[in-house]
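Please treat every number below as a calculation from the coordinates, not as lab data. Here the structure is a predicted model, which means the values were calculated and not measured. Here Cβ is always computed from backbone atoms with ideal geometry, including for glycine, and neighbour counts include all displayed protein chains.
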Amino acid sequence: MSGPLDNHPATGSSVDGSASRPKLALSDRVRSLRMPQASQARQSGGSWFPWILCLLLTGTASYVGFLYYTAQEQLRQDKETAEAAKETTPTTSKARDIGPGEVTLENKGYIIPVHQIQVSPKVSGQIIRLHFKEGDVVEKGKLLAEFEDIDYRAARDRAQAALLEAKRNLEVLTKYRAREIEQAKAKLDEAKAQLVQLESDRHRSMRLRSSGTLAEGDFEKADSAFFAMKEKSKQLEIDYDLLKEGPRDVNIQAAEARIKMAESEVTRSQWNLDNCKIIAPISGTILTKIAEEGNIVNQLSFNLKGSLCDMADLSDIEVDLTIQERDVAKVYKGQRCRIRSEAFPDRIYDGFVSRLMPTGDRAKGAVPVRVKVNVPKEEQGEYLKPEMGVIVSFFKDDKKSEMPGTKN
């Protein structure tokens, strides 16, 4: 008979199975809560991250190493350059025996013209034409610029008119003076002749009056005519003397003074007019152009330009350099030198020390020195230009070089 006890194992096994199945179902459910795709993505990303980090570290280390190598290479080159310069530059701390013709000192300087001038007009005005540009080589007397000259021309014409007037006034006082004197002398002689006649008539009238044959009125007429002519003769004589020697001479002197004054005014106005054309004061090269057409140039103004250009004779140049006080004893006037341009190292020129400046430079602890450069005529202004840097080598000679213009 089959009862509940007979079916117990099956029931038991079914119970066990039912008890284990919920646990398995819970695990499955826990696994089902996971995100398979996100997990796979993390596993894939995590596998590449270390490699990327290694590449970054490797690149950074390589860059730092390159920078270090470059810095060390630069330091090495700078050290080699300093040692080479030290070998080529004469040392002052340790004296060495330098024979004649050897370089005793080298120093850097700059080219400057011996004579550099600033071309400035003598009058003020507006520039209407310019006839030069930078770099032009001009001869002395060449026209450089022209100013507007209307006012200056009018002033010249006015001065010439005043001079002409003064000359005409002097002619009035001098040209006809001799004729005027002759005229006054003739009038005086006529008056004297009439006075003699009137005096005779007066004496005759007095005799007739005494005899009673002449009326009183006729006598008075003859008497007054005589005295009137006598006074007129005195007046004419005074006029004659004044024409010969009198205020006319003073007037002539005043007229001559006015002529001189008018002549000076003409000279000044003509000078102003002539200086409306600016010419080159020397032969040389135009270095800089300061003014342009249309500019008003006035030397007395703070706001306007006062000059046209700078020019210099580049056939007469020298080197401006400063020698340290510790090396001044190696430099002397007339010393032979060699000048080498930094821009054109293959161009070497001869020169000599033209002068040592009378005062030193306290701030630099040096003495300014000028070295005259001998430049061939065909190379003037070509390779050595003002303000260019050059290297000057000073030679030690037994006999000082002879400077131009000196005798042995």
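Some values worked out for this structure:
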| read-out | value |
| --- | --- |
| Spread of Cα-to-Cα distances over 10 Å intervals beginning at zero, given as percent, for the stretch 239-301 | 15, 24, 20, 14, 12, 9, 5, 1 |
| Nitroxide proxy distance, nm - points 7 Å out along Cα→Cβ at residue 382 and residue 197 | 10.2 |
| Built amide H within the under 5 Å cut-off of residue 347, gap 5+ | 341 |
| Under-5 Å amide H pairs with residue 295, H placed in peptide plane, nonlocal only | 127 |
| Residue 53 paired with residue 329, simple spin-label distance in nm, labels 7 Å along Cα-to-beta-carbon | 7.1 |
| Ranked by how many other beta carbons lie within 10 Å on average, peptides 308-317, 219-228 from highest | 308-317, 219-228 |
| Theoretical FRET efficiency, 1/(1+(r/R0)^6), r = Cβ-Cβ of residue 178 and residue 220, R0 35 Å, to 0.05 | 0.25 |
| Cut-off under 5 Å, modelled amide H: who pairs with residue 317 long-range | 114, 373 |
| Calculated FRET value between residue 129 and residue 343, using beta carbons and R₀ = 56 Å, to 0.05 | 0.95 |
| Estimated vicinal HN-Hα couplings, Hz - the stretch 110-124 in sequence order (Karplus 6.51, -1.76, 1.60; Gly, Pro = x) | 9, 6, 9, x, 5, 10, 10, 10, 10, 7, 10, x, 7, 10, 9 |
| Cross-link pairs 108/377; 305/385; 133/377; 167/305; 289/364 - those with Cα-Cα distance over 31 Å | 167/305; 289/364 |
| In nm, spacing of pseudo-spin labels at residue 116 and residue 60 (7 Å Cα→C-beta vector) | 5.6 |
